[in-house]
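Here the structure comes first, spelled out in structure tokens, and everything after it is commentary.
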Amino acid sequence: MRTLIQNARVVLPDTIERVSVLIGGTQIADVDPAPHLRVDEVIDATGLHLLPGLIDDQVHFREPGLTPKEDLASGSRACAKGGITTFLEMPNTLPATTTQARLEEKLALAARKSLVNYGFYVGATTGNLDELRRAHRTPGIKIFIGSSTGDLLVDDQGTLERIFAETTLPITAHCEDETTVRANIARFAGTHDVADHSRIRDHQAALIATRRAIDLALRHHHRFHVLHVSTAAEAELLVDHRQLITAEACPHHLLLNVGDYPRLGTLAQMNPSLKTPDDNRHLWQALRDGRLQVVATDHAPHTLEEKRLLYPASPSGLPAVENSLALMLNEVHHGRCTLQQVVRWMCDAPARVWDLVGKGRIAVGYDADLVLVDLERTSEVRNEEQVTKCGWSPWHGVRLTGWPIRTWVLGREVYRDGGFAPAARSQEAQFDHARGGYWATASREA
Ligand code: DOR
């Protein structure tokens, strides 16, 4: 099957050009092919932009064990709607993904259920070093250096030293200092004010844990990716990356802050917590100047019933995969960033951080994971229209300009204007860790 997408403005690695893109089977067969080609299908994309499919390296899809909140079918449909063609999922399911056997169980489930490409992290515990050493078919090791949803936690220095010293996969971590958070919980005992969530999981908690993890990575010379950076002070630490450290921000830490608690209540409760408008500004600056490389969602669905419980019984996390691209395109519309930056942060960089094979750019030989977006379309996020199983969005009622409208995974269209393909051609993502990650590929290209 050969499909020609013509007349779109195509976001290429270095420019945006009005060229045709030829999909041949599962791959991009040509960019700007000779005219009068014989193809099976021609798509006229006049007025639209064609982007590489997004890679979201931080989602929580709750399968196995917590499927009333989300499962691999609903979560991956939400991805397809949001222009995300590959997701990398976190290990805090039930049971947690802490062994190769459980990792392979998830891969088998996804092979049956996922509409988009998939990969799964292996989670660290205080007792699974052998599993972490042996793990494969995975982007890397996830450590909860501070606890969040679920019971994964590795806080003791001895275990952390051994994980960084004795494993070879890239490591990523949730960085909030457990000791600081527990002391703050005691200080705010009895509170039902969700705004205290940001005083409990405060700036210091984030900074201490991020500094500690970076110190481990540098001493052990181990590739390390900092998840969901939420403070200006952490971004400062990332100035000196020494070719080993990469980091990311989430749309909610870029766009929401403590001023949103009165409006959103516990819907705005997440870990790390929301911080200040000043932190928002610094995180944008850190993305622009390259201290942060990736934007990913931390999609963390919980039912509205649970979210409406009185704080602190309410769980932390919010759904985001189906709106993250629109949220960022809306920022392009308002001039806060460019379309090429969005593609760098949400497609190219995550592919390089995790050594994904064939992903992250529109170029000949790359996988035909593509998303067509309409930068002019304005529409409102509505809870009723969310396809995530949890059925709500913290952006309900917000009008955004710039929306994904069609998504292809490995050359097959999986989403078009509200409708989904019945069958997928999705695949397990392939990780070639010998490539050496983001900084190694950056220097090869320089
Ligand atoms: O708010 C959060 N929710 N942060 C996390 O790190 C985990 C997530 C979840 O799984 O609910």
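Stokes-Einstein diffusion for the chain at 10 °C, viscosity 1.306 mPa s, with a Kirkwood radius from C-alpha pairs, works out to 73 µm²/s.
In a fully extended conformation the segment linking Leu107 and Ala434 would gain 115.5 nm over its present Cα-Cα distance, using 0.36 nm per residue.
Among Met270, Met1, the ranking by other beta carbons within 10 Å of each residue's beta carbon, starting with the fewest, stands as Met1, Met270. When the chain is described by a simple charge dipole with +1 on each Lys and Arg Cβ and -1 on each Asp and Glu Cβ, the residue from Ala45, Thr378, Gly150 located farthest towards its positive end is Ala45. Basic side chains Lys and Arg get +1 at the Cβ, acidic Asp and Glu get -1 at the Cβ, and with that the dipole of the range 297-446 about its Cα centre reaches some 160 debye. Relative to the globular-protein estimate of 2.2 N^0.38 Å, the Cα radius of gyration of the range 347-413 stands at 1.39.
Each label was represented as a point 7 Å from its Cα along the Cα-to-Cβ direction; for Asp417 and Gln243 these points are 5.0 nm apart. Evaluating kT/(6 pi eta Rh) at 20 °C and 1.002 mPa s, with the Kirkwood radius of the range 267-340 over Cα pairs in the Stokes-Einstein relation, gives 152 µm² s⁻¹.
Under the simplified labelling scheme, the Asp289-Gln157 pair shows an inter-label distance of 3.1 nm, with each label point 7 Å from Cα along Cα→Cβ.
What the Kirkwood sum gives for the range 1-63 is a hydrodynamic radius of 13.0 Å, with every pair of different alpha carbons counted. For the residue pairs Lys142/Lys389; Lys69/Lys307; Lys69/Lys106, alpha carbon separations beyond 21 Å are given by Lys142/Lys389. How many angstrom separate the Cα center of the range 407-446 from the Cα center of the range 342-364? Value for the Cα centre distance between the two parts: 8 Å. One chain, two ends: Glu376 and Asp215. Fully extended at 0.36 nm per residue, the span grows by 53.5 nm beyond their Cα-Cα distance. Note on the range 183-336: Rg/Rh from Cα positions, Kirkwood definition for Rh, rounded to two decimals, is 0.98.
Counted over the chain, the DSSP beta bridges are approximately 50% antiparallel. Take the Cβ-Cβ distance between Asp32 and Arg399 as r, set R0 to 45 Å, and report the resulting FRET efficiency rounded to the nearest 0.05. E between Asp32 and Arg399, to the nearest 0.05, is 0.80.
Selection among Leu218, Ala110, Ala421 by position relative to the dipole of the chain gives Ala421 as farthest towards the positive end (Cβ unit charges, Cα centre). Computed from the C-beta positions of Arg308 and Arg182 and an R0 of 22 Å, the FRET efficiency is 0.30 to the nearest 0.05.
With all pairs of different alpha carbon atoms counted, what Kirkwood hydrodynamic radius in Å does the range 114-222 show?
Values: mean 1/r = 0.0663 Å⁻¹.
Here the Kirkwood hydrodynamic radius works out to 15.1 Å.
If you take the Cα centroid of the range 1-77 and the Cα centroid of the range 133-175, the two points sit 33 Å apart.
Cut-off is 10 Å between beta-carbons; in what order do Val343, Val398 appear when sorted fewest neighbours first? Show your work: numbers first, answer last.
On the way: Val343 23, Val398 15.
Neighbour counts put them in this order, fewest first: Val398, Val343.
Since every read-out is calculated from the coordinates, none of them should be taken as a lab result. Quick caveat, the model's predicted, so the values are computed rather than measured. Glycine gets a Cβ as well: all are built from the backbone with ideal geometry, and neighbour counts include every protein chain shown.
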